[in-house]
There are 2 protein chains.
Amino acid sequence: MTLPVQSSLTPFLRTLELRSRLTEDERRAILALPFHPIHVAANQDFIRQGDVATHSCFVLEGFVGTFGQNKRGDRQITSVFVKGDMVDLMTVVVPECVWSAQALIATTILQVPHSALRQAAADFPGIAEAFWRECVINSALLNEWVMNVGRRDARSRLAHLFCEIACRSGYQPAGAPFTFPFPITQFQLADMLGLTPVHVNRTLKGLRDDRVVDLAHRAVQILNWDRLAQVGEFDATYLQLRGGGSACQTPSAAEQTQMWVLQ
Amino acid sequence: MTLPVQSSLTPFLRTLELRSRLTEDERRAILALPFHPIHVAANQDFIRQGDVATHSCFVLEGFVGTFGQNKRGDRQITSVFVKGDMVDLMTVVVPECVWSAQALIATTILQVPHSALRQAAADFPGIAEAFWRECVINSALLNEWVMNVGRRDARSRLAHLFCEIACRSGYQPAGAPFTFPFPITQFQLADMLGLTPVHVNRTLKGLRDDRVVDLAHRAVQILNWDRLAQVGEFDATYLQLRGGGSACQTPSAAEQTQMWVLQ
DNA sequence: CGATTGTTTGACGGGTCTCAAACTAAGTGG
DNA sequence: CCACTTAGTTTGAGACCCGTCAAACAATCG
């Protein structure tokens, strides 16, 4: 009785295990979840505000953003999701969508039926808890997003976003400069940060001129991680990325506490 | 075997039942939770960033805000909690606090031990699900808060906040003007909205002069709900306040869908 | 009644927005 | 592989929303 070696949901399992401990049975149950893959073109909405979800969307490849709009049509992206993230696990318990989701680049989504997710959560308390925990970590990200948009200027906002994306994408900031793919336009960045594209461009120029970070050719080039983190006031604790995935931080204090709630 | 008629946790049960259906046994288990009451003075922090929580904090009376600070010391309040809310139910599954919490006015908190909350969730799937759902709804509020701070001007932000607080406090906007207690200073409002106290004051004056809303003597006076909701682009759907508590919206589509996940 | 906290108003400066246009990179079809 | 088209980036000039600093005023509390 070994785990299936290959499954498209392996990255989902890996994400869950960044923050939750699962038994062998639970791992198997995750990998055995049914799914339906779909391809979503860049700039295409695949969840619309008001939809009642019947499945959750896992990002196998690509970038996804959830957003709302004001009456002028200005868009605010409230969360971004990278490879390995489940966009809307929360719809399992609150199926009515109060935001829209869009593929920021060409993206592959695996739709996992709520019925199967519910069954897995019902059968395995550890899975229910892991799902709950993922939702809570999502809200920690939102919390930081509010901080970013509410109380930091354009330069800090950009720096903070780059730091967060680097860590969440699994890149390990070391002393040396490094590069990671980030095929996001300045328009999309503006929508994430509550700024205008023009101002994003100028601020980006400032960071480039100061040799902190550069965005070009669909990639972010971290020139000086320490200064970037300083400018963005970045502390990775809130990402809760203990475990093997990324080592942006020291092991969290929570690690020593009871992790198993539902049993 | 009837429910205890009186318990300090009755309002907690009422909040849960706004969005989740509980069995008789589950209701009893909620009311039987142990707790320890504390009084927190205005402007006093009772959770500090970095704390590892061992209990969750229920607001029996008062106002609470969670916040972060940037290096200049500017504070951003990311969520507010009113009578009947659990401030940090999420710490049951992620005990490390990534924000601080402060009483915005003199407040009575009931501390409920994580061990008891865990036991209740483990014993009753319906409770586990209700807790999970509360966390998800919290993140929906955060989502809207990002929208507010990111893509609305000062006037809209204020209007939106007043609408949200009115609905969450259980006031039922009708055609006629109405008043509800809101003992929050303009400094605190500024920290919620990502503005300065001076600008909050001027914006408040604008709304007062236009006979939309007034804030004075620790109370909000809604002069024209329709215009307020229009200015704030307010749609109460995201509050998920179906059920008896408040009727800011029509019954949600989610109401017809399966509500029981973990059984 | 005095002390403290919170509100209101003014003058000025700055960060960000708006509008507009030139420039560059990426994608397409012949 | 080259024109062509489209999408995205860069830069400039001016305006506006909001921030900053400062001081007077009002409300609350002991």
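The values are calculated or read from the model by the stated rules, or taken from the named source; none is laboratory data. For clarity, every value in this text was computed on a predicted model and none was experimentally measured. Here Cβ is always computed from backbone atoms with ideal geometry, including for glycine, and neighbour counts include all displayed protein chains.
Would you call B:LEU158 under 18 Å from B:PRO197 (Cα atoms) and modelled with pLDDT of 95 or more?
It is true that B:LEU158 is under 18 Å from B:PRO197 (Cα atoms) and modelled with pLDDT of 95 or more.
Among the numbered criteria (1) within 20 Å of A:LEU104 (Cβ to Cβ); (2) within 16 Å of DNA strand D (Cβ to nearest atom), which single criterion is violated by A:SER169?
(2)
Restricting to region A:12-27, and then to whatever is in contact (Cβ under 8 Å) with a residue 24 or more places away in the chain and surrounded by fewer than 17 Cβ atoms within 10 Å (Cβ to Cβ), can you tell me which residue is farthest from A:GLY170 (Cα to Cα)?
For region A:12-27, the residue satisfying everything is A:ASP25.
Considering only residues that are touching a residue at least 60 places away in the same chain (Cβ under 8 Å) and more than 7 Å from DNA strand C (Cβ to nearest atom), which ones fall in region A:188-210?
A:GLN188, A:ASP191, A:MET192
I'd like the full set of residues that are among the β-branched types (Val, Ile, Thr) and within 9 Å of DNA strand D (Cβ to nearest atom), limited to region A:197-225.
A:VAL198, A:VAL200
With the requirement that a residue be polar (S, T, N, Q) and either exposed (fewer than 14 other Cβ atoms within 10 Å of the Cβ) or within 16 Å of DNA strand C (Cβ to nearest atom) (or both), what does region A:168-177 give you?
If the condition is that a residue be polar (S, T, N, Q) and either exposed (fewer than 14 other Cβ atoms within 10 Å of the Cβ) or within 16 Å of DNA strand C (Cβ to nearest atom) (or both), then A:GLN172 is the only one that fits.
Table: residues versus (1) within 12 Å of DNA strand D (Cβ to nearest atom); (2) within 17 Å of B:VAL64 (Cα to Cα); (3) buried (at least 23 other Cβ atoms within 10 Å of the Cβ); (4) among the hydroxyl-bearing types (Ser, Thr, Tyr).
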residue	(1), (2), (3), (4)
B:ASN148	yes, no, yes, no
B:PHE162	no, yes, yes, no
B:THR179	no, no, no, yes
B:GLN188	no, yes, yes, no
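Being part of a strand (DSSP E or B) and of a type in the set (A, V, I, L, M) is the filter; apply it to region A:77-92 and report the residue that is farthest from A:ASN43 (Cα to Cα).
A:MET86
Tell me, please, whether a residue that is hydrophobic (A, V, I, L, M, F, W, C) and within 16 Å of DNA strand D (Cβ to nearest atom) can be found in region A:128-146.
There is at least one residue in region A:128-146 that is hydrophobic (A, V, I, L, M, F, W, C) and within 16 Å of DNA strand D (Cβ to nearest atom).
Which residues, counting only those in region B:141-156, are polar (S, T, N, Q) and facing chain A (nearest Cβ under 7 Å)?
Once the filter is applied, which keeps residues that are polar (S, T, N, Q) and facing chain A (nearest Cβ under 7 Å), region B:141-156 yields only B:ASN143.
Could you check B:PHE234 against (1) within 14 Å of chain A (Cβ to nearest Cβ); (2) within 14 Å of DNA strand D (Cβ to nearest atom) and say which number it fails?
The one condition B:PHE234 does not meet is (2).
Determine which single condition B:ALA176 fails, assuming it passes every other condition in (1) touching a residue at least 12 places away in the same chain (Cβ under 8 Å); (2) in the same structural domain as B:ASP214 (by TED's automatic domain parsing); (3) more than 15 Å from the chain's Cα centre (by Cα).
Only one criterion is unmet by B:ALA176, namely (1).
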